[in-house]
Amino acid sequence: MLGVGRFLDSMTENDHSALLIVAHGSTVNPDSSAPTLAHAAEIRRRKVFADVGCAFWKEEPSLRDALFLFDPEPIREVYVVPNFISEGYFTQTVVPRELELDGETTKRANGQIWKYCEPVGNHPAMTELLLKRAREIAYGVDPLETSLLIVAHGTDLNENSAVAAKREAEKIRSLGKYGTVLNVYMEEPPLVSDWRKLTKTRNVVVVPFFISDGLHSYEDIPQLIGIANGRSTPTSHAERGEIFRANPYRIDGRSLFYAPSIGTDPGFADIIIEQASNAKS
């Protein structure tokens, strides 16, 4: 899917590079950092970099801590990849400020070179990951008889994520693979809660366009699309994941399939490596 091979080749020749994956994290949702940590573990297993670390805005290790994660003696280059769906306040302001980045390339006083990469959501492979997730969650269902809904938060506070969802919906729509492809939102029109009116197909696939599963994917969106069924708030990881395992949901004679957030897809490990590769070339 991705041009990871050429980066693997270059890293074989140079074992002085490290990868830093930065993400938002959460003080209340233990699953927020889980995908980022999982992708880091997979990349570490592949031995693509001499070292791989993570840092978060709302968890430990903090973004400020990341300044001291990599010994400048063996590590001469650090590739910083934001695990965010879109450009925005965090990628353009918070991360550069906390990591003391001057732009795409920053040279530290100790001689270490830090390269700031594009966020994962900007990668063109995001489209294929969304299609893959939709196929997996509704395996064997005819896509031409299916509506695919890509759900973002919406509102001015998350303007760029809304734009990213619209971009991906337009790209998938142009492929002509699904009966209907829509970008929908939790808090602005077109609302995901209006899916019955927005779609006419007998099958509907809903994919949250978020980096990790949390309150939005476990509770808010299920309530908005009518699959929560008055259940009490799930507490364990197993209980939270049950919402994705009960597919399909039968509503008004139609089948609705609900997927985990796109950022939990293992393919994000390839995208993270590729974003670092793009910064290297």
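The values are calculated or read from the model by the stated rules, or taken from the named source; none is laboratory data. What you see is a predicted model; the values in this text were computed from it and never measured. Neighbour counts run over all protein chains shown; Cβ positions are idealised from the backbone, glycine included. SASA here: full protein model, heavy atoms, side chains in, ligands and nucleic acids out. Shrake-Rupley method; radii C 1.70, N 1.55, O 1.52, S 1.80 Å.
Using DSSP to define loop residues, name the trypsin sites (Lys or Arg not before Pro) in region 24-63 whose beta-carbon has at most 13 other beta-carbon atoms within 10 Å. When the trypsin sites (Lys or Arg not before Pro) of region 24-63 are filtered for loop state and at most 13 Cβ neighbours within 10 Å, LYS47 remain. Within the accessible area of the chain, the carbon and sulfur atoms contribute 52%, probe 1.4 Å, all protein chains present.
Summarising the overall dimensions of region 85-164 from its C-alpha atoms, the Rg and Dmax are 18.0, 59 angstrom. Per-residue SASA remark: TRP114, around 0 Å² accessible (1.4 Å probe; ligands, DNA and RNA not included).
Over the chain, accessible surface divided per residue gives 46 Å², non-protein components excluded, 1.4 Å probe. Near CYS117: Cβ cut-off under 11 Å, other residues only, Lys/Arg at +1 and Asp/Glu at -1. The net charge is -1.
Treating the beta-carbon of each Lys and Arg as +1 and of each Asp and Glu as -1, no other charges, what is the dipole magnitude of region 119-207 about its Cα centre, to the nearest 20 debye? Don't skip to the answer; put the middle values down first.
Details: 12 positive and 11 negative charges, 75 e Å.
Approximately 360 debye in magnitude.
Normalised by the number of residues in the chain, the mean separation of alpha-carbon contacts (under 8 Å, six or more apart) gives a relative contact order of 21 percent.
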